[in-house]
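**Student:** Following this message is one structure expressed as structure tokens.
The values are calculated or read from the model by the stated rules, or taken from the named source; none is laboratory data. If you're wondering where the values come from, they're calculated on a predicted model, not measured in any experiment. The area values use the complete protein model at the heavy-atom level, side chains included, leaving out ligands, DNA and RNA. Shrake-Rupley method; radii C 1.70, N 1.55, O 1.52, S 1.80 Å.
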Amino acid sequence: MSVSQIIEWFSVIIIFIGSIISVISAFGMLRFPDVYTRAHAVAKSATLAVLSCLVGSFIYIWVQDGYISVRLLLGILFVFITSPVSTHLVIRAAY
């Protein structure tokens, strides 16, 4: 195996971990009893799931095509900033 294949497998594993975390977030959304615990499940795990999928995609495109995708970097930054803030505002509205 070459180095590029190892990095590609690493990015696939990161994307797979992100999809597993997303499923766990969906179970938390269904199982928790009130708004606050559901918002906690969505804020923490869904943000981590989306970020890991975007980071895995970024690494894969970087290795496969040989360039850095600015769109993915902006997507990572946008999700990292807006998801916790929007969840905080939803919790304040529920309070």
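**Student:** Give me the accessible area per residue for the stretch 1-51, probe 1.4 Å, as a whole number in Å².
**Tutor:** On a per-residue basis, 70 Å².
**Student:** Something else now. Taking the chain as a Gaussian network, where each spring joins two C-alpha atoms under 10 Å apart, which residue of LEU72, LEU30, LEU54 fluctuates the most?
**Tutor:** LEU30
**Student:** Report, to the nearest whole %, how much of the accessible area of the chain belongs to carbon and sulfur atoms, 1.4 Å probe, protein only.
**Tutor:** Taking all protein chains in place, the chain shows 75 percent carbon and sulfur surface.
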